[in-house]
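Values in this text are rule-based calculations from the coordinates and carry no lab data. Keep in mind the model is a prediction, meaning the values are calculated, not measured. Ideal geometry is used to build each Cβ from the backbone, glycine not excepted, and the neighbour counts take in all protein chains shown.
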Amino acid sequence: MIPAYAKPFHYQIPWKSNSIHYGGHRGTQRGLGFEFKGNVPLVDYPDPRRMDMRQTLRDPYEQVQVRVFNQDNTTPIFAICDVSSSMQFKGTVRKLDVAKEIAASIAYSAHEAGDLFSLICYNQIVIEDISHNLNHNVQQSFETIEQLSNISTMRVGCEGILEVPQYLSQHKGLVFWISDFHMPLEMVEQTLSAMSIHHIVPIVLWDAREYQKLPKFGFGNMIDPETGLQKTIFFRESIRDQFIAAFEMRKQALETLFSRFDYQAIYLSDKFEPDLLSRYFEQLSS
């Protein structure tokens, strides 16, 4: 059964898959597809259905020529989900609940495209109980993703992201990294370097109540998601402006880092709309 929050989107990988399995993406293997690769003699590719009469008549060695096409293949799709304490932040909705919707939509979209899907969740370590290897079993994916609803652990960090690259395939895949990226930039850079064989789509979850919808004047309670401790802060406009400026500086630093790896991040606040990802890939392929 497909959960109501799993809403598919359209994606297209911007490279040729080297998989040997038939799928919906441009590949490098010869086979049934629409991308013309060239002509070869019939003895090298014995498929008379693809005979090219014009090239056969032109061949100086009088060999029968056939058309060869690249096969459309599958590609591995990964959803890497940050389940550290900072993802417990709740403004309009909890960040982890948004992450659950995104992961389910990725799994459903991969299933619709005939691709393999893997979920990898981490906090201080990779949490194998709520992760699974590449497969076509979309129901297993939904069941695993649903477990994100039950996570409530505080005081856990995100160092497990450094273990994630070893859980990815050796073939180039499409990797959605879902996190609020409240971690040292050095850790983000190290992880991107370790995953450089893959194409990464960073999905940054920031809630407007973290920095934009703060009190202009008066007391406000702020919860440190890494420790679970509540702090009371007397807000005034200058303090509020400092929060906003800090997030803007953080966004600029992240974008600078992502651009070094030729990636473009998606920033989400409060609500996930699958059409946003469809538009992202339309721009990527244009």
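Odds and ends about this structure:
- Among Ile120, Ile2, Ile266, a tally of other beta-carbon atoms within 10 Å of each Cβ gives an order, fewest to most, of Ile2, Ile266, Ile120.
- Here the simple spin-label model places points 7 Å from the Cα toward Cβ, and for Ala208 and Met154 these points are separated by 2.6 nm.
- Cβ-Cβ distance of Arg260 and Asn137, R₀ of 45 Å, FRET efficiency by 1/(1 + (r/R0)^6): the value works out to about 0.80.
- Here the gap between Asp270 and Gln166, fully extended at 0.36 nm per residue and compared with their Cα-Cα distance, gives a gain of 34.3 nm.
- Look at where the Cα atoms of the stretch 235-280 and of the stretch 180-199 average out, and the two centres are 16 Å apart.
- Exposure proxy ranking, count of Cβ atoms within 10 Å, fewest first, for Ile197, Ile127: Ile197, Ile127
- Averaged over residues, the count of other Cβ atoms within 10 Å places the peptides 248-257, 103-112 in the sequence 103-112, 248-257, highest first.
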